[in-house]
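Values in this text are rule-based calculations from the coordinates and carry no lab data. Everything numeric in this text was worked out from a predicted model, so none of it was measured. Backbone-built Cβ (ideal geometry, glycine too); neighbour counts: all protein chains shown.
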Amino acid sequence: MAETLVSNQLLLDVRNLKMYFPVTRGIIFQHTVGNVQAVDDISFSIERGQTLGLVGESGSGKTTIGRTIVRLYKPTAGQILFSGQDMGTIQDDALWQMRRQVQMIFQDPFASLNPRFTIGSLIAEPMHIYKMGTRQEIRARTEELLSVVGLRPEYIDRYPHEFSGGQRQRIAVARALALNPELIIADEPVSALDVSVRAQVLNLLRRLQREFNLTYLFISHDLSVVRHVADRVAVMYLGKIVEIADRDELYLAPKHPYTRALLSAVPIPDPQIEKKRQRIILSGDLPSPMKIPTGCRFHTRCPMAQDICRQVEPAFEAKEGHEHYAACHFSEQVTSPIAKL
Ligand SMILES: Nc1ncnc2c1ncn2[C@@H]1O[C@H](COP(=O)(O)OP(=O)(O)OP(=O)(O)O)[C@@H](O)[C@H]1O
Ligand code: SF4
Ligand SMILES: [Mg+2]
């Protein structure tokens, strides 16, 4: 009974998801020589109306998770339960209906809006595809959506090039809202924007979340951005989630050395504390997702690595704290880079 109550609050429940891309060689006779293990057996869930921040450096698999959830890719293995139904295996009409509920916003508002169409037709397109009313009704709703995202409805017949980066991202948000989705996957939605407009777009996303009870998967390589928007934060390294916790707990009491290193790079607004911040520079590059290191996949760069780390993969298990999970043999020794203050 208790389990049913808990799962009813979950909008998205991802279980043991794998997304491998085959690497082929040969021109006429192609054969598979290996796999890019972009997402390698990950599990997480998001409660309705909440935001999960997904962070990690370039190439860790964040975008691949987003694209797999919206079924731009068919998962190699695992389940993507959306309101209890498995998005990973549904087909045809069920997939078509489910896609309305899950929308994605991309990093680059210049590339994601086709320059040959007016912004009105770009926002209206999904509503025409899903036959959500007459032409007049859809136009009226498009104007309404423009004002919801803080743009003037009179702009409806203008073209994308007439808008700034921040305004274009508002247009992309209006398009994502057109079908009344429940879940929005925002993939680095402010990374391409000037610092001065980032806060405006983040505030817009927060306001819309409250107004429409939206659930967000918010992807970013920047922990300081995620801190402003997320309720929980998941940290990815080389295709795996290595730590997940409530936001404040993750920032104040990390349990994984990789999270600690990422946190140490986040500037702190208070100059007194900022002076004492310990910076941890990780040596080496992210290893290839075709050749995952043995044992703990972070051992080639981890400042705390011991012999066991090279041989035994640490379990992703519950740690001290509220719903706090991490994968490290020595997690109890991990301290916050600002904990001594
Ligand atoms: N369609 C694809 N075919 C083959 N490999 C892919 C494909 N898409 C992604 N990859 C590989 O999967 C890994 C994860 O890529 P992904 O784009 O998900 O990372 P990311 O965390 O979003 O990085 P970034 O911060 O740069 O956006 C990378 O090694 C990438 O090269
Ligand atoms: S298991 Fe070892 S290598 Fe991996 S993060 Fe923990 S200390 Fe570092
Ligand atoms: Mg990406």
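Table for the structure above
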quantity	calculated
Cα long-axis angle, helix 165-177 against the chain (0 to 90 degrees, to the nearest 10)	80
Estimated vicinal HN-Hα couplings, Hz - the stretch 282-288 in sequence order (Karplus 6.51, -1.76, 1.60; Gly, Pro = x)	7, 8, x, 9, 4, x, 5
Shape category assigned to the stretch 254-341 from the gyration tensor of Cα positions, a/c cut at 1.5	oblate
Between 0 and 90°, nearest 10: helix 195-212 axis offset from the chain longest Cα axis	70
Rounded if a/c under 1.5, otherwise prolate or oblate - the chain, Cα gyration tensor axes	prolate
Residues Leu81, Leu252 arranged by fewest to most Cβ contacts within 10 Å	Leu252, Leu81
Of Lys74/Lys255; Lys62/Lys255; Lys18/Lys291; Lys74/Lys319, those spanning more than 25 Å from alpha-carbon to alpha-carbon	Lys74/Lys255; Lys74/Lys319
Cross-link reach list, aspartates and glutamates versus Lys240, counting only Cα pairs under 15 Å and skipping chain neighbours closer than eight places	Asp40, Asp41, Glu57, Glu313, Glu317
The chain - charge dipole about Cα centre, Lys and Arg +1 at Cβ, Asp and Glu -1, debye rounded to 20	640
All lysines inside 20 Å of Lys276 as judged from Cα atoms, apart from same-chain residues fewer than 8 positions distant	Lys340
Whole-angstrom gap from the stretch 88-161 to the stretch 255-288, using each part's C-alpha centre	39
Likely footprinting exposure, Cys328, Cys302, fewest C-beta neighbours within 10 Å first	Cys302, Cys328
Selection from Ala327, Thr300, Ile273 lying farthest towards where the dipole of the stretch 254-341 points positive, charges on Cβ	Ile273
Residue among Asp246, Asp270, Asp187 with the largest mean-square fluctuation in a Gaussian network model of the chain, springs linking Cα atoms under 10 Å	Asp270
Counting DSSP beta bridges with both ends in the chain, the antiparallel % (nearest 5)	60
Cα gyration tensor, the stretch 16-101 - rounded (a/c under 1.5), prolate or oblate	oblate
Likely footprinting exposure, Lys319, Lys131, fewest C-beta neighbours within 10 Å first	Lys131, Lys319
Rounded tilt (10° steps) of 135-148 against the dominant C-alpha axis of the chain	50
Cβ-based net charge around Leu183, under 12 Å, with every Lys or Arg adding one and every Asp or Glu removing one	0
